[in-house]
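So the structure is just underneath, and the comments pick up after that.
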Amino acid sequence: MKKVPYRNQLSKFAAATLVALLLFSVSIFAQEDAKKGKQLFNQNCAACHALDRKMTGPALRNVEARLEEEGLDREWIYAWVKNSSGVIKSGDAYANKIYNEYNKAAMTAFPTLANADIDNILAYTAAEPEVKKPVVVAGAGSGVQASGSSGGISNEIILGALVLVFALLVLMLFFVTKTLKNIAAANGVSLEKEKSEKRTPIWKAFAQNHFLIIVSVIVLLLSSAYFVYGYFMQVGVDQGYTPIQPIHFSHKVHAGDNKVECKYCHSSARVSKTSGIPSLNVCMNCHKSIYEYKGNEAGPSQEDLENGYTNEFYTKEIKKLYKYVGWDENEQKYTGEPKPVEWVRIHNLPDFAYFNHSQHVSVAGVECQTCHGPVEEMEIMTQHAPLTMGWCVNCHRETNVKVEGNEYYAKIHEELSKKYGVENLTAAQMGGLECGKCHY
């Protein structure tokens, strides 16, 4: 047996270690490239492309491998990303094929993307798709403790224990009573019920006292009038009204998580009497590209699970939007068969009351949350304020008018300030309590 020198063994071991380290470093760098590529993809590509489905542009999963089958290398991809129109005008066959296939919508040029950035994006498109972990809902056999439990013991168990203790107490009382009766019988003690004198029934005694009758009638009439008045004063007051809409629209997700400004959707609130219901084309400005909900990347909370607010739930609501607007997400075009959405109105003032959104939003600078509450926290929209006359009047009495930069109020504010001897005027002091302001 031929002996291998120790130095040769050591050199082979070092070479193998070096190769392993190189492979490990390559894999690490590949992961970093894919991670950077995901960020670049979301910033530059996600508006028109998805990895696994057709959108405004084609799906980009393994796009480099598919282009290699067409005989196109990475240099072609660099040229296409940085100036797609130039590649099309050059007469490139594949470029014109894609251009015509996607309704001659030229891809946005990204001349600022470096080749290394494009390499990172390609690494992301070539990476294995992420496997989503199954969501475990609390329930039988799930092993998840329900939120209604306390210290691992459910309310049902506690209630059952209390019922059992009450039943035992009743049973013990029955046996104690029976035992005492047996002891009394054994000692010759007889238990007789005391005979009470026959008394006049209370209703007969009451009927014979006319003063009590008069006082009782007056109290009854006054109490009835109070409750009837309270009932009628609540007619038309729908504070807390929370109807279920045909499409579940979460203000919490849109205005809260994604910071969408209220007036982006309710744009007419700036210039019109009404805030208006956003048309579905406003929704499609975003949801033409956002076809599924990915907000709960770390998984929904226990509260969301109990209410059913999972990623799948929100995605189904987006599909409802497509159905109503008449959008074929596979072909990426409108079918021409929209359906009206029968939204349920939440805030509704009486016909004899006039309210102008633009006067409050644009002129007075009132925030939407002042009247509508913290909408950015509402999963389901609810009527926050009572919207009664007294509520509006109190607001006019307590709110100072903002006159900075508003020439319309400059002269009248100066004169009324002298009249009332104050520096800041409330809406009431400027005529906000006149009947004709809201009723005419």
query: Taking the Cα-to-Cβ direction at residue 234 and at residue 420 and moving 7 Å from each Cα, how far apart do the two end points lie in nm?
result: 3.5
message: Below 8 Å, C-alpha to C-alpha, sequence gap of six or more: please give me the relative contact order for segment 388-440 in percent.
response: 43
query: Accessible area of residue 401, 1.4 Å probe, to the nearest 10 Å²?
result: 30
- request: Leaving ligands, DNA and RNA out of it, work out the accessible area of residue 107 with a 1.4 Å probe and give it in Å² to the nearest 10.
  value: 50
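Fully extended, how many nm does the chain gain between residue 312 and residue 296 (0.36 nm per residue separation, minus their Cα-Cα distance)?
Gain in length upon complete extension: 4.7 nm.
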- prompt: Which GluC sites (Glu not before Pro) does segment 351-440 hold that lie in a coil by DSSP with at most 15 other beta carbons within 10 Å?
  reply: 367, 404, 423, 434
10 Å binning of all Cα-Cα separations within segment 388-440, expressed as whole percents from 0 upward: 24, 51, 24, 1
query: Each residue of segment 91-99 in order: what ³J(HN,Hα) in whole Hz does its phi give by Karplus 6.51 cos²θ - 1.76 cosθ + 1.60, θ = phi - 60°, with x for Gly and Pro?
result: x, 4, 5, 5, 4, 5, 5, 5, 4
- line: For residue 426, the accessible surface traced by a 1.4 Å probe with all protein chains present amounts, in square angstrom to the nearest 10, to 20
- request: May I ask you to rank 272, 362 by accessible area, largest first, using a 1.4 Å probe over the protein chains only?
  value: 362, 272
field: Label point 7 Å beyond Cα of residue 359 along Cβ direction - residues of segment 401-440 with amide nitrogen under 16 Å
entry: 401-402, 408-409, 426-440
- prompt: Can you run phi through the Karplus equation (6.51, -1.76, 1.60; θ = phi - 60°) for segment 432-439 and list ³J(HN,Hα) in whole Hz, with x for Gly and Pro?
  reply: x, 9, 5, 4, x, 5, 10, 10
Under 5 Å, built H, 5+ apart or other chain: amide partners of residue 250: none
task: Taking 7 Å along the Cα-to-C-beta vector as the label spot, tell me the residue 42-residue 218 distance in nanometres, rounded to one decimal.
output: 7.5
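Starting from 0.36 nm per residue, how many nanometres of slack lie between residue 385 and residue 74 once their C-alpha separation is accounted for? Present the calculation step by step, with values, prior to reporting the outcome.
Working: separation 311, 0.36 × 311 = 111.96 nm, distance 6.00 nm.
Fully extending the segment from residue 385 to residue 74 adds 106.0 nm.
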- prompt: Whole-Hz Karplus ³J(HN,Hα) for segment 405-412, in order, using 6.51 cos²θ - 1.76 cosθ + 1.60 and θ = phi - 60°, x for Gly and Pro?
  reply: x, 10, 5, 4, 9, 4, 5, 5
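Largest first, what is the accessible-area ranking of 224, 289 with a 1.4 Å probe? Walk me through the numbers on the way to the answer.
Details: 224 55, 289 30 Å².
So the residues, ranked largest to smallest area, are 224, 289.
The values are calculated or read from the model by the stated rules, or taken from the named source; none is laboratory data. Nothing here was measured: the structure is a model prediction, and the numbers come from that model. A quick note on method: Cβ atoms are made from the backbone with ideal geometry, for glycine too, and the neighbour counts reach across all protein chains shown. To get the accessible areas, we keep the full protein, side chains included, count just its heavy atoms, and leave off ligands, DNA and RNA. Shrake-Rupley method; radii C 1.70, N 1.55, O 1.52, S 1.80 Å.
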